[in-house]
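All remarks here apply to the structure that follows.
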Amino acid sequence: MSKPVTRGATQTLTDAITRVLDEQRAYEDARATRMGQGAERLTAPLGSLIGKAIPASAVRRALDLADRAAGATLPKFLFNHDSADLAACEATALQVQAWAQGLNAASGGVAGFFGMAGMTADIPATLTVAARNVRATGISYGLDGIGEDERLFRLMVLEVATAQAGDKRRQTLDNLNTLARHLATPEGRLALEKTGGWVTDKVAERVARALGVSLAGRKAGQVVPVLGGAVAATVNASFQADVARAARYAYRQRWLMARQLLSGEAS
């Protein structure tokens, strides 16, 4: 027999939803990444040059392999909570961020000792962690991420994570929320199935280009051997924080929409 919902439990859920809605609006109004601050601002010009030397096709291959392998390498703590409990979902998603940041900071610290060669090798590793970060965050909110439409959604999350403030960022958020609304209904999913392959390819190409330039810009300071280890560890952790925030925003939207608490339109 299920336990009756108490007044206290109802108030707790209401408070959690109110807090999450406030955080969703704050994310929509804020800068999506920290690019342009600190060391990343100083190395961005060099990063643009390096980014052009990294083929989008190579980034796309790494992204595709990472996404498809992510489901087999997820932490066990993801499955220890009730996905109907919003506060528990939030707490688990924050654990995911800490896990991804620690993992990618460690890999960056090692790669940074090898200068340009290390940076080139560390970009696929960073994408692998990012793919796992997004997928694990989805599971935190009860979304298992199976199917081509879910893969498309994850790609759009990564696009949001690298978008800057302004019209481009607004467009990426609008695109993400449009897809979320499609995924919320059987009719919307059916419409996606008819065009999903072409749409996924188009988004994958766009995301690959953006990620290649963004990661190179962030990691440009890593080209100095030995000293680059500290830069790479910091930048990798920062990037995974941006990915985690974008993923929490995206999957919160879907959690709220599934319960008819949100239309899915960015305010």
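If you sort Trp255, Trp99 by accessible surface, 1.4 Å probe, largest first, the order is Trp99, Trp255.
Exposure check, 1.4 Å probe, all protein chains in place: Ile123 carries approximately 10 Å² of accessible surface. Surface composition of segment 128-186: carbon and sulfur atoms hold 53% of the protein heavy-atom accessible area at a 1.4 Å probe.
Here the extension length gained between Leu74 and Val110 equals 10.7 nm, from 0.36 nm per residue of separation less the Cα-Cα distance. In this simple spin-label model, placing a label point 7 Å from the Cα along the Cα-to-Cβ direction at both Leu13 and Ala87 gives a separation of 1.3 nm.
Legend: calculated FRET efficiency, Leu21 to Lys168, from the Cβ-Cβ distance at R0 = 30 Å, rounded to 0.05, equals 0.75.
Phi-derived couplings, Karplus 6.51 cos²θ - 1.76 cosθ + 1.60 at θ = phi - 60°, listed residue by residue for segment 245-258: 5, 5, 5, 4, 4, 5, 7, 4, 3, 5, 4, 5, 5, 4 Hz, with x used for Gly and Pro. The heavy atoms of Glu148 offer some 80 square angstrom of accessible surface to a 1.4 angstrom probe.
The values are calculated or read from the model by the stated rules, or taken from the named source; none is laboratory data. Fair warning: this is a prediction, and the values are worked out from it, not measured in the lab. Quick reminder, even Gly has a Cβ in these numbers, built from the backbone with ideal geometry, and neighbours come from all protein chains shown. What goes into the accessible areas is simple: the full protein's heavy atoms, side chains included, and nothing from ligands, DNA or RNA. Shrake-Rupley method; radii C 1.70, N 1.55, O 1.52, S 1.80 Å.
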